[in-house]
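Single-structure report; data block below.
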Amino acid sequence: MSTSTSTYCYVHPDRETGLRCKRCEKPICASCAQRTATGYMCKDCVRSHQKSFDTSEWYDYIFGFITAAFLSAIAAFLITLISSIGFIGWFLAFSAAPIAGTTIAEGVRVVTRRHRSRSLFLTVAAGVIVGALPVMIFQIFSMNIFGIIFQVIYLVIAVPLVFTRLSGIQLTR
């Protein structure tokens, strides 16, 4: 004679389940289960596992922001110089913005010693914007429409590139 014991989700004690977290073996219901590449995990284990990848220290935010702002200010100034070239300036702007974004990301990577966290990546992206603001404001006050357009091109290309490069997001495999 076989006795069947029912297991219930540790978060939702009213839900019967057959799933267990692959890490801590707690019973979890379908709404609590987080699918991973190697099986299902509870939200607590996923959260603690994610924290092991967040290695940034408090000073990484400061150094990353300052480095990104400084390098972005230089890039924004150079983009402004390109805007006065004419037709070829458009080609150069679209070519220089990804190079600037990559340079900023790699500079930040060196300064932060490859530390990682989503909030660090967002702080660095904000640094890129803040670094370009003085040049952008100058362009607005001088009513240089092409200078403004070129700054927008630079920011639209460089900011997401810096974020994705630092965070390791790969658009192609």
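Points to keep in mind about this one:
- Residue match in region 70-88 (condition: modelled with pLDDT under 95, assigned to a helix (DSSP H, G or I), surrounded by 16 or more Cβ atoms within 10 Å (Cβ to Cβ) and of a type in the set (Gly, Ala, Ser)): yes
- Across region 48-69, the qualifying residues are those that are modelled with pLDDT of 90 or more and of a type in the set (D, E, K, R), and the one among them that is farthest from the chain's Cα centre (by Cα) is GLU57.
- Sole exception among (1) within 18 Å of the chain's Cα centre (by Cα); (2) farther than 20 Å from VAL108 by Cα; (3) modelled with pLDDT of 95 or more for PRO134, by number: (1)
- Entry remark, region 22-64: residues being outside any helix (DSSP H, G or I), buried (at least 17 other Cβ atoms within 10 Å of the Cβ) and without any contact (Cβ under 8 Å) to a residue 60 or more places away in the chain number 10 in total.
- Set SER48, SER31, SER117: member being among the polar types (S, T, N, Q) and within 15 Å of VAL162 (Cα to Cα): SER117
- All conditions in (1) outside the structural domain of GLN151 (by TED's automatic domain parsing); (2) of a type outside the set (Val, Ile, Thr); (3) under 13 Å from ALA158 (Cβ atoms) hold for ALA93, with the sole exception of (1).
The values are calculated or read from the model by the stated rules, or taken from the named source; none is laboratory data. Everything quoted here is computed from the prediction, not taken from an experiment. Cβ coordinates were reconstructed from backbone atoms using ideal geometry, including for glycine residues, and neighbour counts include every protein chain displayed.
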